[in-house]
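Structure record follows, encoded as structure tokens.
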């Protein structure tokens, strides 16, 4: 057996997930994004052990203090260590991004699956409601819902999740309609599979890659939305740290202590960029038509 034939047989035997992971590792930008995201997740998970100080403990000797060996990121308006607050703020931002997107998936996938599979009048009613929600900008809708629910991190996550749900409803519906015309769906119908089994056994697994990519990109948008809500006082409430609330506090001291705004701003930029790089890499890696 030739080497080319052996390589071809090996590629055929390789699982789709392993093949996708191998493709992902070939993209340097996606790997960098994955490493940075994992680093922030670890830091957020072990914030109590990583942070050098209590994030809400005031130190009047470090009041708006410049970066130093004792406080590498400086002190804020109450003398709290900015580095410690950035580390603990990562937990709030990442939780908001992941939980709100999980809520959007939990609501959006069943509705989109029902709309795309059932079609007809039900599909028309659902999509008109979704179109009305999409007519309102994502952040504006999140602010309105958060203001209605009340200021807290939990309510901010609910508001962001509800605002992101229409995106996943429309994407799921479009993917379902594309899959429904495939031959294996017709074969599943021909052998007598009930609609529910076709939807969850044959349709849903084949639209997961597109949903994974969109979820990764939406987490980045959700982190920005959480920071915006916290900046407006509708998210994480003081004294608990959040990147958005830190920016809100820093806006009054930009001339005296610019480091108060620089570090949370850089953190938001780096995390959002990393999720976008990871999402772009996943899109290419999970695309079965990719031959790169």
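Every number here is computed from the coordinates shown, using simple stated rules; none is lab data. Note that the structure is a prediction, hence the values are computed from the model and not measured. Don't worry about glycine lacking a Cβ; one is built from the backbone with ideal geometry, like all the others, and counts go over all protein chains shown.
Table for the structure above
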read-out: Distance between region 109-123 and region 33-72 - C-alpha centres, whole angstrom; value: 47 Å
read-out: Per-residue [θ]222 nm for the chain (sum of -39500 (n - 2.57) over DSSP H runs n ≥ 4, rounded to 500); value: -23500 deg cm²/dmol
read-out: Ranking of 266, 160, 198 by count of other Cβ atoms within 10 Å, fewest first; value: 266, 198, 160
read-out: Translational D in µm²/s for region 107-201 (Stokes-Einstein at 37 °C, 0.692 mPa s, Kirkwood Rh from C-alpha pairs); value: 222 µm²/s
read-out: In degrees, nearest ten, helix 138-149 long axis to first principal axis of the chain (Cα); value: 70 degrees
read-out: P(r) histogram, all alpha-carbon pairs of region 149-209 included - 5 Å bins from 0, percent; value: 4, 16, 20, 16, 11, 9, 8, 7, 5, 3, 1
read-out: Degrees separating the helix 3-13 axis from the principal Cα axis of the chain, which is the longest one; value: 80 degrees
read-out: The chain, relative contact order in percent, only Cα pairs under 8 angstrom and at least six apart counted; value: 26 percent
read-out: Average projected area [Cα convex hull, the chain], square nanometres; value: 20.0 nm²
read-out: Relative contact order computed over region 48-152 (Cα-Cα under 8 Å; 6+ residues apart), in percent; value: 16 percent
read-out: Ascending count of other beta-carbon atoms within 10 Å, so fewest first, for 40, 269; value: 269, 40
read-out: Neighbour-count order for 180, 260, fewest beta carbons within 10 angstrom listed first; value: 180, 260
